[in-house]
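Worksheet: the structure to be examined is printed underneath.
Just so it is clear, none of the values below were taken in a lab; they were calculated from the coordinates. Being a predicted model, the structure only gives us computed values, none of them experimental. In this analysis, Cβ positions are derived from the backbone assuming ideal geometry, glycine residues included, and neighbour counts consider all displayed protein chains.
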Amino acid sequence: MDIERENHKLEKRLCREVGRAITDHNMIEEGDRVMVCLSGGKDSYGMLDILLKLQARAPVNFELIAVNLDQKQPGFPEHVLPEYLTKLGVKFHIENQDTYSIVKRVIPEGKTLCSLCSRLRRGILYRVASELGATKIALGHHRDDILQTLLLNMFFGAKLKGMPAKLVSDDGRHVVIRPMAYVPEKDLSRWAEVRQFPIIPCTLCGSQENLQRKQVGNLLREWEQKFPGRVENMFSALQNVVPSHLMDRSLFPFETLRATGVPDADGDKAFDDEPFTAATPTAAPRADADGGNPAPTRTVIPIAADL
Ligand code: SF4
């Protein structure tokens, strides 16, 4: 009974978070045809599953069409997705394109295949979206993917840049959405077990998993365990950007800044360290009403505290 209740709470939470991301970004509108990119991994299965549930009760009408790109990797079980989707009664399209051979031929042995592979995949998926008349392309990236990207961009790209929940594609012709943007990866992993999705392993191409992304993922998981609330705070920070307290001169007119002569209660004290709220590292996890992540217990700690 307990497991059933937990699973029900998880389903409610997933629907709520996906619904919130869709509403916040106006991702899906009346009459949309949403191409749901399905790789056979837990994230995209979870996305399709939750979008189907939301579609059944949404106040707007929209269509879903699942698309898988079969890249002809050796050992790819091509029957798995068609069988699953047929049983589900979902419209789908399998695009067969042997990008695997191209990538293997072009990239020298030992070099990473991913950048060419994803470039080819992107081009194909855009073309398929046009052919299918899709008005939106949905990708299964979740909260932790977004945070990993943010850190990777800071560490290796010298940019404060995450992964957008909604964007216009680089060819300018498509709107790409990430309905799972607010969903923690651990909820998707659990949901994949609950629903017993027929997962297709992603190692078929033989490419090495991106080591840097893996390390950053481990770092976030470690923080989440040691300091409950920290990862949630990082994600919230993406929605609370203060350009006047960064140093991008294209976002804030530092050069023309002048004293206003008008006191501002919310203004900076300039000379004082600002106290800030942070998740208490020792806070015991506590389920919220839906069994979700606890709202972190907050305490004021000095800015120079050992983090
Ligand atoms: S892991 Fe394999 S399939 Fe995925 S992008 Fe890299 S080369 Fe392509």
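Quick notes on this one:
- Charge dipole (the range 33-192, unit charges on Cβ, about Cα centre) - positive-most of Ser130, Thr99, Gly40: Ser130
- The charge dipole of the range 11-207, taken about its Cα centre with unit charges on the Cβ atoms of Lys, Arg (+1), Asp and Glu (-1) only, comes to about 320 debye.
- Overall form of the range 152-241 per C-alpha gyration tensor (a/c, 1.5; a/b vs b/c): rounded
- Cross-link check: pairs Lys161/Lys214; Lys87/Lys214; Lys12/Lys214; Lys111/Lys226; Lys72/Lys166 evaluated at a Cα-Cα cut-off of 27 Å; pairs beyond the cut-off: Lys87/Lys214; Lys12/Lys214; Lys111/Lys226; Lys72/Lys166.
- The chain, helix-only ellipticity at 222 nm - DSSP H runs n ≥ 4, -39,500 (n - 2.57), divided by all residues, nearest 500: -13000 deg cm²/dmol
- For the range 11-207, the gyration tensor built on C-alpha atoms gives a rounded shape. Its axis ratio a/c (a ≥ b ≥ c) stays under 1.5.
- Sorted ascending by nearby beta carbons within 10 Å, beginning with the fewest, His245, His141 become His245, His141.
- Applying 1/(1 + (r/R0)^6) with r as the Cβ-Cβ distance of Ser115 and Val262 and R0 = 45 angstrom yields a FRET efficiency of 0.30.
- Cβ-based charge dipole, the range 11-207, positive-most Cα from Val176, Gln55, Leu150: Leu150
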